Amino acid sequence: MEHQVGPIDTVEQTLILPLFEGVDKAPNRSLTGLGRAGQSQVRSAIASDDFDGKSGKMISLWNDDCKVVLVGMGKSSDMKSNSTRDAGANALAALNKSHGKALTVRFTSGWKVSMMTAFAEGMMLRDYKFDKYLSKDDDDDDDDTPYTVTFQSSNRHLDNLTAGCARVSSMATGVHIARDLGNEPANKLTPMEYASRARAFAKGKGNLSVTVLEWDELLENKMGGLINVGKGSEHPPCMVIWELNAKAKDGPCPIVVGKGITFDTGGISLKPGAGMDEMKFDMHGSATVFGLMVALHGVGHKGHMMAISCMAENSPSSTAYRPGDVIPTYSGKTVEVLNTDAEGRLVLADGLWKAGEYNPEYIIDLATLTGACVIALGHEASGLWSNDDDLLENLRKAAADSGELAWPMPLLPAFEKQMTGSKIADVKNLGDRYGGSNSAAAFLKQFVPKNGDGDDAKQYPWAHLDIAGTAWGTSTNAMVAHGATGVHVRTLVRLINGA
């Protein structure tokens, strides 16, 4: 979507007019630029019982001079960012080719800039499709040109609206890139292909660098989590390390770690065949990392920031790791493998320990980690675990403000005891069948590094987001028509940048 911000004057092909419940006449200047017939038609529709302005109500009007879409916003006193964002997304989704690609969105009386920006954000987020592998006939009449949208408001709001739209446009770009990566089939997006795309994005950007630890360096560093998960595949694993604004180093910085299993067969502990195609989404934690770095660069984030993407493909073969194996990790701790389908936590173990080398302010990891989280929370919220109450609350609030719920879950000592109960290794990679998402988080906690040495050293603040239910399959998400969601790109931009 290409967008601009301007004063209330002319109208493009279609005018989108969001109106509040209880409005019985056209607000001041709302009909500027329409012909007499169009103005009369809109006035009649607003005054009629056919349009009451209730949330979700939409009416399309047209005549020879113009096309107008009236969008019901509900009561102005009830307007919140999330519902306004949804309204913008639903308005765009309701358009068809008859409306054209040149749109005017006009905000009139009763609108705050923050709500205008949320409506624009919803439209931008919804304007997405993944069709790069679809063949098209020469006579195909689908219009693939991007939408051109002019957001209009009174002159006193123009500067703030311009800044707000630029910010959410950068975030939407990051979300869309994360969705592109999530939607890519596994035969196109291998671990090293992800690394190549990261390098390509960073090229020429003076304040962004990407370092890739390839197979030999993983071996040299004894990163046994990544090595063992990835060694059954012909596509070698890697670790991608991102750094933004290295010159701004003035103390600890946030570090985000993403699980990046580009395809998960389950390994020797093979998954059932039904629905296995969805396992291309198992790298969405690292897709979110990529999208986050794109978005932070786009909004002009000034602080020092780092991220780590742990990339591998989990495949069965004669070289694959097995149930019963004991494997080393980068931390030096050993893991008894009880199930090779509990692989995400193994690659994250190396990534979390690596994060401790960069003086983190806090560490957040994202992973499509457990089916148990989907059973617990459905597709409505990500699971959230943390060893730090302040970080948990800040992350929870940023997620709520973004409309990407993160639900606090228990990190109980009993779950940690499960994971450290191996008789032959330091940790085992599977708990019992109950509370599986909690025991997975408890496993990860064993690999959160400490700040300092000695018995008094404490772990760095850390939070874990299990996005198995929110990375795809979210039918109630107005911003997403299908496929990968790009979940928590916007959450983390709001947390880290304050946007």
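The values are calculated or read from the model by the stated rules, or taken from the named source; none is laboratory data. Since the structure is predicted, the reported quantities are computational estimates derived from the model, not experimental observations. Glycine gets a Cβ as well: all are built from the backbone with ideal geometry, and neighbour counts include every protein chain shown.
Structure data summary
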{"read-out": "Residue in the range 426-438 that is in contact (Cβ under 8 Å) with a residue 24 or more places away in the chain and either surrounded by fewer than 16 Cβ atoms within 10 Å (Cβ to Cβ) or not assigned by TED's automatic domain parsing to the domain that holds ASN477 (or both) present", "value": "no"}
{"read-out": "Residues (over 27 Å from HIS301 (Cβ atoms) and in a helix (DSSP H, G or I)) located in the range 189-201", "value": "MET192"}
{"read-out": "Options LYS112, LYS57, LYS132; residue that is among the charged types (D, E, K, R), in contact with a strand residue (DSSP E or B) (Cβ under 9 Å, 6 or more places away or on another chain) and free of Cβ contacts under 8 Å to residues at least 60 places away in the same chain", "value": "LYS57"}
{"read-out": "Meets criteria (within 30 Å of THR145 (Cα to Cα), of a type in the set (D, E, K, R) and touching a residue at least 12 places away in the same chain (Cβ under 8 Å)) for LYS75", "value": "no"}
{"read-out": "The range 141-165: number of residues that are touching a residue at least 60 places away in the same chain (Cβ under 8 Å) and either of a type outside the set (Val, Ile, Thr) or under 12 Å from SER114 (Cβ atoms) (or both)", "value": "10"}
{"read-out": "Residues within the range 300-318 that are over 26 Å from ALA172 (Cβ atoms) and either in a helix (DSSP H, G or I) or out of contact with any Ser or Thr (no Cβ under 9 Å at 6 or more places or on another chain) (or both), tallied", "value": "1"}
{"read-out": "Flag for SER309 being modelled with pLDDT of 95 or more, surrounded by fewer than 21 Cβ atoms within 10 Å (Cβ to Cβ) and of a type in the set (S, T, N, Q)", "value": "no"}
{"read-out": "Single residue of ASN63, ASN90, ASN96 found to be within 20 Å of THR14 (Cβ to Cβ) and under 25 Å from the mean Cα position of the chain (by Cα)", "value": "ASN90"}
{"read-out": "Qualifying residue in the range 109-126 (condition: in a loop (DSSP other than H, G, I, E, B) and at pLDDT 95 or above)", "value": "yes"}
{"read-out": "Qualifying positions in the range 321-377 - farther than 18 Å from ASP466 by Cα, buried (at least 24 other Cβ atoms within 10 Å of the Cβ) and of a type in the set (Gly, Ala, Ser)", "value": "ALA355"}
{"read-out": "The range 102-120, subset more than 22 Å from the chain's Cα centre (by Cα) and of a type in the set (Phe, Trp, Tyr), residue surrounded by the fewest Cβ atoms within 10 Å (Cβ to Cβ)", "value": "TRP111"}
{"read-out": "Members of the range 440-458 that are assigned to a loop (DSSP other than H, G, I, E, B) and hydrophobic (A, V, I, L, M, F, W, C)", "value": "PHE447, VAL448, ALA457"}
{"read-out": "Of all residues in the range 23-57 being touching a Lys or Arg at 6+ places or on another chain (Cβ under 7 Å) and of a type in the set (Gly, Ala, Ser), the one that is surrounded by the fewest Cβ atoms within 10 Å (Cβ to Cβ)", "value": "ALA47"}
{"read-out": "Selection from the range 459-472 of residues that are under 13 Å from the mean Cα position of the chain (by Cα), assigned to a loop (DSSP other than H, G, I, E, B) and within 17 Å of LEU384 (Cβ to Cβ)", "value": "ILE467, ALA468, GLY469, THR470, ALA471"}
{"read-out": "Residues being of a type in the set (Phe, Trp, Tyr) and surrounded by fewer than 18 Cβ atoms within 10 Å (Cβ to Cβ) - total across the range 230-271", "value": "0"}
{"read-out": "Lone qualifier among SER40, SER30 - being free of Cβ contacts under 8 Å to residues at least 12 places away in the same chain and of a type in the set (Ser, Thr, Tyr)", "value": "SER40"}
{"read-out": "Selection from the range 354-386 of residues that are assigned to a loop (DSSP other than H, G, I, E, B) and either out of contact with any helix residue (DSSP H, G or I) (no Cβ under 9 Å at 6 or more places or on another chain) or without any contact (Cβ under 8 Å) to a residue 24 or more places away in the chain (or both)", "value": "ASN359, GLY378, HIS379, GLU380"}
{"read-out": "Residues that are farther than 30 Å from ARG167 by Cβ, of a type in the set (D, E, K, R) and part of a helix (DSSP H, G or I), drawn from the range 387-439", "value": "GLU416, LYS417"}
{"read-out": "Residue satisfying condition, being assigned by TED's automatic domain parsing to the domain that holds THR108, closer than 16 Å to PHE107 by Cβ and at pLDDT below 95, within set ALA26, ALA47", "value": "ALA26"}
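Let's see how each residue does on (1) modelled with pLDDT under 95; (2) assigned by TED's automatic domain parsing to the domain that holds GLN446; (3) of a type in the set (Asp, Glu); (4) out of contact with any Cys (no Cβ under 9 Å at 6 or more places or on another chain):
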site	(1), (2), (3), (4)
GLU343	no, yes, yes, yes
VAL347	no, yes, no, no
LEU366	no, yes, no, yes
TRP385	no, yes, no, yes
SER402	no, yes, no, yes
PRO413	no, yes, no, yes
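Residue-wise test of (1) free of Cβ contacts under 8 Å to residues at least 60 places away in the same chain; (2) under 18 Å from the mean Cα position of the chain (by Cα).
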{"site": "LEU411", "(1), (2)": "yes, no"}
{"site": "PHE443", "(1), (2)": "no, no"}
{"site": "THR474", "(1), (2)": "no, yes"}
{"site": "VAL489", "(1), (2)": "no, yes"}
